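Engineer: If you scroll down you'll find the structure; I have some questions about it.
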């Protein structure tokens, strides 16, 4: 029979080896303590009351203290965990078993006095001997590397000054926390810097930027150590975080102007540059970083517009005017679409018989915010942004429609309507087509429409403008030169252009008010212009006729028609209709 059954490979003569599960708790704790002591990772066991029960050699080495001396010391004091309330609360939550982890970065001090950055972690332990395991990882090298990278990211490589990112970071902090409750900013750029780059090259341009930055930094250091930053290109900013008032900022601006106006000797060249500076100073509680920069940018623009090589202080009233212009410019096209514009008409009267011959259409804007605005407030803006094209098209159509209505409703000589045309309408739209469409829709005869262009607008007309004027004249439309005598006064173009009428500028007529103030030269000029115009087959209208003495002198000189307050102010179309009814 076979002997007792034995497992293959089993030697019954050898005693059983203990399995891992047979290790006693004391064995495990002994191994745990051994690993704790020899670990290269700095650690400490923390009791429920927050005191260090034991620290390993690595932690003692990290802090420069014998690990035995750390026993009994409060762990939050050693690891900097009691520095702020939020971290302190999280730390005690781990000790009480209410949280499973705390991790934070702290700056710790070595026994020899130097400091180090450490990542501190606190974890609860499953043993009854301690409440938590504290670990400390030295991250000083990582932190130094991060600081170096941040310095590179936050500084301009050409001038070594703080860059745009760091400037706006400091600006935001200064606005929210100013020692004096006030904040100031000088925003500047170098006048003529582009010419240096274009003529001498970017290398010299960079050298100039570096030299200018050094002078600005010296000015700021001498004035109190203010932040100087390069924002990009040739733009620099100086931040006064705790301003003492406007004078501090303007004195600083003046110092920087003087410093930058000294010649720069670079690459064998002596360069002379200047700067334009926008200065803003205000209460920090009433502004934002964005608002301060917008004000500074606007003020720098003013300094440029005022002639460069100067500083300009922010002016709320000037800014309000600029903001109004921006608001008007941005809403012009929508105003046309919404029907916010209307026309008034000023009669043009025959000087010989005081009979109304025509009327000039004058556009008004009934702005929902600013009230009724005259053309001087928005026509220039409309020409700048192109809104003059749809606005001019509407004026043409409305004026022709109204003139046709007068023609149908009233007897007597037909009344022509005169409409101002901006030069941009000639270039940016098909003016001939627009006029033809307005005449077709309204039914107004072309001979009852007069288009007024300024003298400067038609000077040197050639190509498309001249072709348009000729086409309009061929249609029967009257072409008039407005404000005649104030432009180039080159009369040669009158023989080339299809002009039918001249409107004398009011500056000539104002001298005709009384005999006492009569300027003989004005009368001689006007008389000569009228004679010349008549010889060329043109009619003449005098503008700004304000009294009977002026009207009489102009009639004696030979002017054909007059326009001004002596006859009537601009009026709504129904008022002019009443005036025409009296004529009938």
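The values are calculated or read from the model by the stated rules, or taken from the named source; none is laboratory data. Keep in mind that this is a model prediction, so the values were computed, not measured. When we count neighbours, we look across all protein chains shown, and the Cβ atoms used for this are built from the backbone with ideal geometry, even at glycine.
Quick grid of which residues meet (1) in contact (Cβ under 8 Å) with a residue 40 or more places away in the chain; (2) surrounded by fewer than 20 Cβ atoms within 10 Å (Cβ to Cβ); (3) over 16 Å from residue 183 (Cα atoms):
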| residue | (1), (2), (3) |
| --- | --- |
| 212 | yes, no, yes |
| 218 | yes, yes, yes |
| 223 | no, yes, no |
| 246 | yes, yes, no |
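Engineer: Kindly evaluate residue 255 against the criterion of being touching a helix residue (DSSP H, G or I) at 6+ places or on another chain (Cβ under 6 Å) and under 21 Å from residue 300 (Cα atoms).
Structural biologist: yes
Engineer: List the residue pairs whose Cβ atoms are under 8 Å apart, where the first residue sits in region 514-525 and is over 12 Å from residue 553 (Cβ atoms), the second is outside any loop (DSSP other than H, G, I, E, B) and modelled with pLDDT of 75 or more, and the two are 6 or more positions apart or on different chains.
Structural biologist: These pairs meet every condition: 525/508.
Engineer: Given the conditions (1) out of contact with any strand residue (DSSP E or B) (no Cβ under 6 Å at 6 or more places or on another chain); (2) assigned to a helix (DSSP H, G or I), and given that residue 87 satisfies all but one, which numbered condition is not satisfied?
Structural biologist: Exception for residue 87: condition (1).
Engineer: Exactly one of (1) modelled with pLDDT under 90; (2) within 14 Å of residue 358 (Cα to Cα) is unmet by residue 550. Its number?
Structural biologist: (2)
Engineer: Could you tell me whether region 217-225 includes any residue that is on the phi < 0 side of the Ramachandran plot and touching a helix residue (DSSP H, G or I) at 6+ places or on another chain (Cβ under 6 Å)?
Structural biologist: Yes - at least one qualifying residue is present in region 217-225.
Engineer: Quick check: is even one residue across region 53-68 outside any helix (DSSP H, G or I), out of contact with any helix residue (DSSP H, G or I) (no Cβ under 8 Å at 6 or more places or on another chain), over 14 Å from residue 134 (Cβ atoms) and modelled with pLDDT under 85?
Structural biologist: For region 53-68, residues outside any helix (DSSP H, G or I), out of contact with any helix residue (DSSP H, G or I) (no Cβ under 8 Å at 6 or more places or on another chain), over 14 Å from residue 134 (Cβ atoms) and modelled with pLDDT under 85: absent.
Engineer: Of all residues in region 322-332, which are over 14 Å from residue 364 (Cα atoms) and touching a helix residue (DSSP H, G or I) at 6+ places or on another chain (Cβ under 7 Å)?
Structural biologist: Listed by number, the residues that qualify are 322, 325, 329.
Engineer: Over 29 Å from the mean Cα position of the chain (by Cα) and free of Cβ contacts under 8 Å to residues at least 24 places away in the same chain - does that describe any residue in region 411-428?
Structural biologist: No.
Engineer: Sort out which residues of region 139-175 are surrounded by 17 or more Cβ atoms within 10 Å (Cβ to Cβ) and touching a helix residue (DSSP H, G or I) at 6+ places or on another chain (Cβ under 6 Å), and write them in order of number.
Structural biologist: Those that are surrounded by 17 or more Cβ atoms within 10 Å (Cβ to Cβ) and touching a helix residue (DSSP H, G or I) at 6+ places or on another chain (Cβ under 6 Å): 159, 161, 171, 175.
Engineer: Taking the conditions exactly as written (surrounded by 17 or more Cβ atoms within 10 Å (Cβ to Cβ), within 25 Å of residue 529 (Cβ to Cβ) and modelled with pLDDT of 90 or more), does residue 431 satisfy them or not?
Structural biologist: no
Engineer: Could you grab me the full set of residues in region 328-350 that are under 19 Å from residue 542 (Cα atoms) and crowded, with 20+ Cβ neighbours inside 10 Å?
Structural biologist: Answer for region 328-350, where residues must be under 19 Å from residue 542 (Cα atoms) and crowded, with 20+ Cβ neighbours inside 10 Å: 345, 346, 347, 348, 349.
Engineer: Going by the structure shown, is residue 374 in contact with a strand residue (DSSP E or B) (Cβ under 9 Å, 6 or more places away or on another chain) and either exposed (fewer than 15 other Cβ atoms within 10 Å of the Cβ) or not assigned by TED's automatic domain parsing to the domain that holds residue 420 (or both)?
Structural biologist: Yes.
Engineer: Here's something else I'd like to know. Residues of region 296-322 being part of a helix (DSSP H, G or I), surrounded by 20 or more Cβ atoms within 10 Å (Cβ to Cβ) and touching a residue at least 60 places away in the same chain (Cβ under 8 Å), which ones?
Structural biologist: 296, 299, 300
Engineer: For residue 188, are the conditions met, namely being farther than 20 Å from residue 44 by Cβ and crowded, with 16+ Cβ neighbours inside 10 Å?
Structural biologist: yes
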